[in-house]
Amino acid sequence: MGWDVAVDGGDRWGSVPGGVATAIGAVTGLVVVLVGVVGALSVESTLLGDRALLAMRTRDVFSSSIPVVGAYSRFGWSHPGPWSFYLQAVPFRVLGGDGTALAVAAATVNAAVLGLGGWVAARRSAAVTAVFTVATAVLIVNGTLVIHEAWNPAMAIAPMLVAVVAAAVAWTGDGAALAVVIGCGALAAQTHVGVALPVAVAMVIAGVGWFRHRPDDGGVPVAALVVAGLAVAPIVFDTVTDWPGNAWRLVESAFSDDLERVGAVDALRLILRSTSPEFVVDPGYEQFFGFVVSGQSVGWLPGAVLVLVALVARYGASASLRRLALIQLAVSLGAFVGIAGIRGPLHAYLLGVLPVLATIGWSIVAAEVAARLVSAPPAWMLAVSLLSLPLVAWVAADGPWVDQAADGDVDAVESVVTDIERWADGRSNPTVALEVSAPDDFQGVDLFGGLVEALDRRGVGVVPGTGHEFLLPDRAGDAVSATVTVVSLAPTDPTGDVDGALVVYDPLTAAERARLTELLGQLVTVLEQNDLAVLVPAVTNGDVDAVPVDRFEDPDTVRRQLAELRALLERGPRLVVTVS
């Protein structure tokens, strides 16, 4: 058998009848959208941060400012393309254009993508269908694939999964699968550039495989050409109309040496950790203040799944599994190169490709074992598994049933926006520049996104003020009638002179504010006494999650104080709003 991967034959499970393949795709989509819609019901109508900015760009699809690039990046460029905005625009608008509507729109897109994946996988191979089924369920249960999550790193997960799996079908000369690989690969890469290199590997393999095994009388499928054209159209348009365009800025940033890169050693350690059995039971990475630290533990039996997948690629009983195994290994190599090149502090969300590839790998191994034990599963078993596995994952994860807790930042945004809207009433078409100052950048982006989206949704024209242009580059520079400045005070900062302020928002009473200040003072003293003064700046800004409680002489007392402190901090920030 060796490395010769046959196109036809060699599959102990064979293919799936056409009618069943269609049913599998439909069932997958219906189950996924059910999971997503129920989960979306727990999402606040008022969004914050990145999600709020994504909602604005989705709303812009039906405006004169149609987006031609993707979500913003902190490096001054945007992600490559706007497809996710276009695909979510109709359900988002029809359902009211708020946070819940965006979550349902995301669920709808993910359901369509995964339904397409189920259909394509089942077109040629029962074994690949089994891999897709298991991988989808596992990614839902471990929280990697959140069906109703509209945040762009999360929206890239489903199309990336489908692109990798569908590449094994396109390899056989299936033109429809090639179109799906191109479409889902483009959607994933446009949505989050961090997965561009791995999905590009899958797309190249799919294209080469399709060319080698295409029907004798077959040219390039029209669907594949149309999808490819639609994928590059907004990028070309942006480049021509805003020369040299966002794509060039992205390339310049990728080759810039202004920030330290993750590097090959740490990238290899991350790959080895994510492909170890330990990662299955304990997913995640060692982090410090939200950043993935260098020198990760590789876990026990690091890289085990890569070794097993390589064995399947060479000795597998199913030709379709051997194809998929080779693709998984090649895409993993692409992921290694991509992660090694990441610049600046490493956030866990930049590593979303790793659990996807690891899960595909374990699913390939499981399908190989099953193929050797079971000669030919009836077609109805595949349909039932696609219905049952995601439901099992949904119940096990328990996420969709849990109501989202009230967020103090949401309360603050809703209160302040009401006052700003009241100020704007009576003014003809007011357009304001919004500036937000906060103790840390993350809270600043959360508040800016929440405020700007809520104002936009209520009909108040708003553009980014000084220092915020990169968050909404398409609106930067527009003429304004006033500047609204929102200052979020640190927990211990005095309110100061508020004469002339439009509004001062404080979720705490004077007694509660005094108690908060007292608790923070006690915590700072304990940190300084235990040689942890390095944590004091973060703690005084309200970040108490990284306090190492077990290092203190009386950890139980500190734990109780932290619980009381968190309860007060979660009530939300103090905001001072002025208009000039």
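Using 7 Å Cα-to-Cβ label points, what is the Ala511/Val281 separation (nm, one decimal)?
Placing both labels 7 Å along Cα→Cβ, they lie 5.0 nm apart.
Once the piece of chain linking Leu329 and Arg427 is laid out straight, how much longer is it, given 0.36 nm per residue of separation minus the C-alpha distance between them?
29.2 nm
According to the square roots a ≥ b ≥ c of the eigenvalues of the Cα gyration tensor, what is the shape class of the range 18-377, taking rounded for a/c under 1.5, prolate for a/b larger than b/c otherwise, and oblate for the remainder?
Rounded shape, in that the Cα axes give a/c under 1.5.
Taking the Cβ-Cβ separation of Asp478 and Arg212 as r and a Förster radius of 51 Å, what is the calculated FRET efficiency to the nearest 0.05?
Efficiency for this residue pair is about 0.45.
Count charges around Thr485 for me, please; just the other residues with Cβ under 15 Å from its Cβ, Lys/Arg as +1, Asp/Glu as -1.
That sum, taken over residues with Cβ under 15 Å, equals -3.
Using per-residue counts of other Cβ atoms within 10 Å, averaged over each peptide, order 122-133, 360-371, 466-477 from highest down.
Peptide ranking by packing, descending: 122-133, 360-371, 466-477.
May I ask you to rank Tyr349, Tyr315 by accessible area, largest first, using a 1.4 Å probe over the protein chains only?
Ranking Tyr349, Tyr315 by accessible area, largest first, yields Tyr315, Tyr349.
Taking 0.36 nm per residue of separation and subtracting the Cα-Cα distance, what length does fully extending Arg551 through Leu225 add?
111.3 nm
Relative contact order (percent) for the chain, with alpha-carbon contacts under 8 angstrom and 6 or more residues of separation?
18 percent
To test your reading of the geometry: what angle, between 0 and 90 degrees and rounded to tens, separates the Cα axis of helix 510-529 from the longest principal axis of the chain?
70 degrees
Percent of accessible area on the range 18-377 owned by carbon and sulfur, 1.4 Å probe?
So the carbon and sulfur contribution to the accessible surface is 69 percent.
Just to confirm, what accessible area per residue do you get for the range 18-377 at 1.4 Å probe, in whole Å²?
37 Å²
Based on Cβ point charges of +1 for Lys and Arg and -1 for Asp and Glu, what charge dipole magnitude is obtained for the range 18-377 about its Cα centre, in debye rounded to the nearest 20?
Here the range 18-377 has a charge dipole of around 680 debye.
Just from its helices, what would the mean residue ellipticity at 222 nm be for the chain, if runs of 4 or more DSSP H residues each count -39500 (n - 2.57) and the sum is divided by every residue, rounded to the nearest 500 deg cm²/dmol?
Here the helix-only value at 222 nm equals -19000 deg cm²/dmol.
For a quick check of understanding: with a 1.4 angstrom probe and all protein chains in place, what accessible area in square angstrom does Met203 have, to the nearest ten?
Only protein atoms counted, so the area is about 60 Å².
Full extension from Thr241 to Arg372: what is 0.36 nm times the residue separation minus their Cα-Cα distance, to one decimal in nm?
Net length gain for the segment: 41.5 nm.
For Leu250, Leu329, Leu351, what's the largest-to-smallest order of accessible area, 1.4 Å probe?
Greatest to least solvent exposure: Leu329, Leu250, Leu351.
Quick check: net charge around Asp238, other residues with Cβ under 12 Å of its Cβ, Lys/Arg +1 and Asp/Glu -1?
So the surrounding residues net to -1.
The values are calculated or read from the model by the stated rules, or taken from the named source; none is laboratory data. Bear in mind that the values here come from a model prediction, so they are computed numbers and not experimental data. Note that we place each Cβ from the backbone using ideal geometry, even for glycine, and neighbour counts take in every protein chain shown. Ligands, DNA and RNA are excluded from the accessible area calculation, which covers all protein heavy atoms including side chains. Shrake-Rupley method; radii C 1.70, N 1.55, O 1.52, S 1.80 Å.
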